[in-house]
Amino acid sequence: MAASSRAQVLDLYRAMLRESKHFSAYNYRTYAVRRIRDAFRENKNVKDPVEIQTLVNKAKRDLGIIRRQVHIGQLYSTNKLIIENQEKPKT
């Protein structure tokens with residue numbers, strides 16, 4: 001993989017993780033982070049430049065979907081789950 005495409009893939013990976021952490025719903029947030037990590041790990045050994053570009057284009061589309069879903073989720077937010085409201089023990 002060329003240095004520029006590697007940098008592009010890493011930037012895309014970081015952007016997808018950063019954006020998915022804005023989901024207001026805990027379940028969506030954890031699912032999105034897990035799914036992004038799994039997808040990138042699954043394709044980390046791809047060497048064909050054409051296939052890499054296809055995967056990058058798909059990831060860009062998915063990033064757009066994540067951004068739209070985050071925005072929609074913020075419009076219709078719900079109360080936090082119990083697991084999200086836990087306080088850290090004081091030491």
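The values are calculated or read from the model by the stated rules, or taken from the named source; none is laboratory data. Worth saying up front: this structure is predicted, and the values here are computed from it rather than measured. Note: ideal-geometry Cβ built from the backbone for every residue, glycine included; neighbour counts use all protein chains shown. Remember, those area values only see protein heavy atoms, side chains included, never the ligands or the DNA or RNA. Shrake-Rupley method; radii C 1.70, N 1.55, O 1.52, S 1.80 Å.
Observations
- Here the range 60-77 is the region considered, the condition is being under 16 Å from Ser24 (Cβ atoms) and surrounded by 14 or more Cβ atoms within 10 Å (Cβ to Cβ), and the residue that is modelled with the lowest pLDDT is Gly73.
- Among the residues of the range 7-26, those that are open to solvent by 80 Å² or more (accessible area, probe 1.4 Å) and part of a helix (DSSP H, G or I) comprise Asp11, Arg14, Arg18.
- Odd one out for Thr30, checked against (1) free of Cβ contacts under 8 Å to residues at least 12 places away in the same chain; (2) loosely packed, with under 12 Cβ neighbours inside 10 Å: (2)
- Total residues in the range 1-40 satisfying the condition of being within 13 Å of the chain's Cα centre (by Cα) and over 16 Å from Glu84 (Cβ atoms): the figure is 18.
- Qualifying residues in the range 44-66 (those that are part of a helix (DSSP H, G or I) and hydrophobic (A, V, I, L, M, F, W, C)) - the one nearest to Leu81 (Cα to Cα): Ile66
- Out of Arg41, Arg29, sole residue that is part of a helix (DSSP H, G or I) and out of contact with any Ser or Thr (no Cβ under 8 Å at 6 or more places or on another chain): Arg41
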